[in-house]
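Notes for the one structure printed next.
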Amino acid sequence: SLSKLQLKTGDLDPRLFSRLRHLQKLDLSDNLLDKFPNSLTLPDLRVLNCNNNKLEDVTALKQFPLLEELTYENNVYLTLNDDYKVMFLLQNLRLLNGKDITKLANHVRRVNSRKLTSKVTAHWEKFFRDQLPEKYTAEQVKSIKKKFLKSVQTNVVYGPSSLSEFTRWRVKMIAEEFLAYSLGLELNTDPEPEEKMDENEEESTESPREAAEDVGQVGDFSSYINNVTVTPSKRKRNHSKPGSGNKRSKSQANTKEEAAEDVSAEPLHFLQCHSKGNSREDFKTQLWSCVFEPLLDCGARKDPIVSSSRTVATCGGESICLIDCETGTVLKKYKVATEEFFSVAWTTLTMVISNSRKKSHNILAAAGRRGIVKLIHVAADFCYGEIKAHKKPIATVCFSPTRETHLFTASYDKRIALWDIGIPDCDYNFKASQLLVLEALSIPLRIALVPTCSDQYLLAGCEGGCFAWNIKLDKEQKSRPFEAIFQFPDEDGGMTTSHRVDGLAFLNDDVVVSKSSKPGCIYLWSWSRSFDAKGKGCQRTVSAVILAELEWSTTDLSYLTLSTCPAKDYVFCGDEQGSVWMYNLSNYTTAWSSAKGKRTDKRIPPTQILNWPELRANGEQLTEVLINNVVSDPTFTYLVVLTSVNITAIWKKS
């Protein structure tokens, strides 16, 4: 209780208050407060009394997301509009000035928001859409944004006139969000954080069976790294001395000459958004998988310049996050308290949601330690179902590029299953069925469908080698053994099939990139030339026709996986020191694709290595950072780096 102490706003010291991490009730009544500082960060505050003050604004109360009871009677400047603002901003609020507002608050958050959103959209379609040329400049966008925001706040009217200030406030917010989604504009970066509340931040609805374990609450911003300072450190690896590249120092791009050749990607954000129980002290949760959301006509946020998706789903620990790479905003977060997620994958389904109209929606599949696939309709903030796919953990999942309901799940039970997940109806009823089981001799770690025949062949990197299966569905046989096992050079100069393949991806229609964890080497090889040598029908050991080898770290640590960006001929792989190795192979691919494409004899060095910056958490430097995964969007605008220390790093190509 800090009641009746003549306190002014300046007396509420954020440095003191931010240490009260478990404070649940706070009484600030009968003081002289005219506003709340923005960074009191009382993450557990449930009850707040600010009666008899001089408060002029309530939007800063957004920083107390768990608030359930709020009173601010006898603050003469506050009106009914402020009541509506707090009902919208505080998702858990039940009592406002002693009254139960649960029903009204739900109306404000849902019905009111839906009506205003449709009015804002209609206003754009009717008066503004045609003003924007097909190819527009940043200047034209800026001008139309200004006009649209002014016009929409003046002309969109809803509800009683006594609420016109609240309506204008919400309309501005919705309009900015609408522009961000449809034109790929950045959201308003107003220094007042309350202005940036997402339309996404409405409560999610859950089916009763999910409620027990899924916290589908979105807009969980408490997990940003607020206490980390960054000193970016980027340099090219020095190839003159063997092994010298492993030493790291502060930024060495000091001279103009060095900087010019060196800077190809800038660090944008370092996020700590998968913490167990939202703990800021969690630097142990391992992050495993991330996939960029497919672009739809509406929905996924686009980068304004290259029209590429900038939203990425990441998974690790008990949660899945949807992140806007440009702003670093965690748009949505899903939790399953008893799960550890290892893999996520996107598909786009044409669904009938309402009014019998069909519409494309992005669906996220997520799986991990429990062997269960969760199916999430992201735009609706709804985990609509689950498939009990395996009795052991699922290492990885992927959708067929040609059949949107076909999902492959690779499990520690040494099987890869193909499922048809079906299409949910308007009540989210769906029927999943198992179509195939591929028998592996060891645990499958990575899977890839062959691009030229994705309905016919699947490749898998396993604990005990690299295998291929025939997955054609016109065959009767539901359970199938592998059709080929590939052998690679071993350390003694011979050939071996027995090695752990923990990285696997196609660089283009034919070139496979695979990584053997011992010794740490990355091979590029031809799928068609290797597989064609096998002959028809028989199960055979086949020598991989190797095109090149990439120079990489000498570590023998496993599960540091690789990825490719086919459109730009890039390969990415992280290492055991927090560095990201990037290989631009566009100078090689033409030669490899010719019928007599020869092997590139020398190991290909990385085009650039992005070194891990000096990150400080609670004043101490984060060390021993492993890069578990690195993924770029299809146009290589953003690079998302997943670590062993619960940090998602986002770089942007400059």
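Quick look at the values:
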| read-out | value |
| --- | --- |
| Residue, farthest from Phe292 (Cα to Cα), within the range 345-367, restricted to residues that are more than 16 Å from the chain's Cα centre (by Cα) and in contact (Cβ under 8 Å) with a residue 60 or more places away in the chain | Ser354 |
| In the range 598-609, residue modelled with the lowest pLDDT [restricted to those that are over 16 Å from Val513 (Cα atoms) and not hydroxyl-bearing (Ser, Thr, Tyr)] | Lys598 |
| Cys565, sole failed condition from (1) open to solvent by less than 10 Å² (accessible area, probe 1.4 Å); (2) closer than 27 Å to Glu483 by Cβ | (2) |
| Where a residue in the range 264-288 is closer than 16 Å to Lys333 by Cα and its partner, wherever it lies, is among the acidic types (Asp, Glu) and surrounded by 16 or more Cβ atoms within 10 Å (Cβ to Cβ), with Cβ under 7 Å and at least six apart | Ser275/Asp282; Lys276/Asp282; Lys276/Glu318 |
| Residue that is modelled with the highest pLDDT, among those in the range 610-636 that are surrounded by fewer than 19 Cβ atoms within 10 Å (Cβ to Cβ) and among the β-branched types (Val, Ile, Thr) | Thr635 |
| Filter result for Ile650 (in a strand (DSSP E or B) and closer than 23 Å to Phe486 by Cα) | no |
| Considering residues of the range 339-365 that are open to solvent by less than 10 Å² (accessible area, probe 1.4 Å) and touching a Lys or Arg at 6+ places or on another chain (Cβ under 9 Å) only, the residue farthest from Cys426 (Cα to Cα) | Phe341 |
| Test: Leu116 is free of Cβ contacts under 8 Å to residues at least 60 places away in the same chain and closer than 15 Å to Ala175 by Cβ | yes |
| Filter result for Phe482 (under 25 Å from Leu562 (Cβ atoms), open to solvent by less than 30 Å² (accessible area, probe 1.4 Å) and in a loop (DSSP other than H, G, I, E, B)) | yes |
| Any hit, the range 544-565, residues being modelled with pLDDT of 90 or more, out of contact with any Phe, Trp or Tyr (no Cβ under 6 Å at 6 or more places or on another chain) and of a type in the set (Asp, Glu) | yes |
| Qualifying residue in the range 322-338 (condition: at pLDDT 85 or above, under 24 Å from Ala138 (Cα atoms), in a loop (DSSP other than H, G, I, E, B) and open to solvent by 20 Å² or more (accessible area, probe 1.4 Å)) | yes |
| Answer from Leu458, Leu441 - the residue that is modelled with pLDDT under 95 and either in a strand (DSSP E or B) or under 18 Å from Asp502 (Cβ atoms) (or both) | Leu441 |
| Among (1) open to solvent by less than 60 Å² (accessible area, probe 1.4 Å); (2) within 34 Å of the chain's Cα centre (by Cα); (3) modelled with pLDDT under 95 - the single one Leu473 does not satisfy | (1) |
| Within the range 546-614, strands (runs of 3 or more DSSP E) holding 1 or more residues that are closer than 29 Å to Asp532 by Cβ and not β-branched (Val, Ile, Thr) | 562-565, 570-574, 580-584 |
| Qualifying positions in the range 379-391 - out of contact with any helix residue (DSSP H, G or I) (no Cβ under 9 Å at 6 or more places or on another chain), hydrophobic (A, V, I, L, M, F, W, C) and modelled with pLDDT of 90 or more | Ile387, Ala389 |
| The range 88-100 residues that are touching a residue at least 60 places away in the same chain (Cβ under 8 Å), paired with ones that are open to solvent by less than 40 Å² (accessible area, probe 1.4 Å) and of a type in the set (A, V, I, L, M, F, W, C) (beta carbon under 8 Å, 6 or more apart) | Phe88/Ala105; Phe88/Val108; Phe88/Met197; Leu89/Val58; Leu89/Leu61; Leu89/Met197 |
| Near pairs, Cβ below 6 angstrom, 6+ apart or cross-chain, from the range 33-61 (at pLDDT 95 or above) to any residue that is basic (Lys, Arg) and open to solvent by 10 Å² or more (accessible area, probe 1.4 Å) | Val47/Lys25 |
| Residues of the range 568-603 that turn out to be among the polar types (S, T, N, Q), open to solvent by 30 Å² or more (accessible area, probe 1.4 Å) and under 25 Å from Trp651 (Cβ atoms), as a count | 4 |
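The values are calculated or read from the model by the stated rules, or taken from the named source; none is laboratory data. Quantities reported herein were computed from a predicted structural model and do not represent experimental measurements. Positions of Cβ are backbone-derived with ideal geometry, glycine not excepted, and every protein chain shown enters the neighbour counts. These accessible areas exclude ligands, DNA and RNA; they are computed on the full protein's heavy atoms, side chains included. Shrake-Rupley method; radii C 1.70, N 1.55, O 1.52, S 1.80 Å.
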